[in-house]
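In what follows, a structure is listed as structure tokens, so that the remarks can point back to it.
The values are calculated or read from the model by the stated rules, or taken from the named source; none is laboratory data. Computed from a predicted model, the values in this text were never measured in an experiment. Ideal geometry is used to build each Cβ from the backbone, glycine not excepted, and the neighbour counts take in all protein chains shown.
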């Protein structure tokens, strides 16, 4: 399986963060049209957790991660609901290993995108330019959502 490189992630961040608000909206719309089932999955988490901030962060990081796959030259098939469903059981087992034993190995083995996983962990723990950090609840939720997103996108590489 091809790894998204650190350079691809950096190029994606530069591209996404360099867009105007309108251009970013159009880019997200384009990515969403390509991966509607995945975006629905991401937004469903925000509804289930009753966390509007989670939706905002999920869509922003979806744009960066998707762009990183594109920067890496990786082609992604359209993700189906069946793809998402087949990912759920191993994903829940990997989350259980983290919560029960603090063992991240099953999650790393499932996602198979070390650089993207590390990028998301750094982002989740980061303090913004105003000295603010995410609440512990949002950190946990964003970790779950972003791990699922990266893993599902990785499965979609053709």
Exercise for the section: Kindly indicate whether residue 94 is more than 17 Å from residue 41 (Cα to Cα) and modelled with pLDDT of 95 or more. Expected result: yes
Exercise for the section: Check residue 2 against each of (1) in contact with a strand residue (DSSP E or B) (Cβ under 8 Å, 6 or more places away or on another chain); (2) buried (at least 20 other Cβ atoms within 10 Å of the Cβ) and name the one condition it does not meet. Expected result: (2)
Problem - Entirely in the range 6-69, the helices (runs of 4 or more DSSP H) that have 2 or more residues that are over 21 Å from residue 84 (Cα atoms) and out of contact with any helix residue (DSSP H, G or I) (no Cβ under 8 Å at 6 or more places or on another chain) - result: 6-17, 21-34
Problem - Residues located in the range 5-27, provided they are more than 22 Å from residue 112 (Cα to Cα) and buried (at least 19 other Cβ atoms within 10 Å of the Cβ) - result: 16
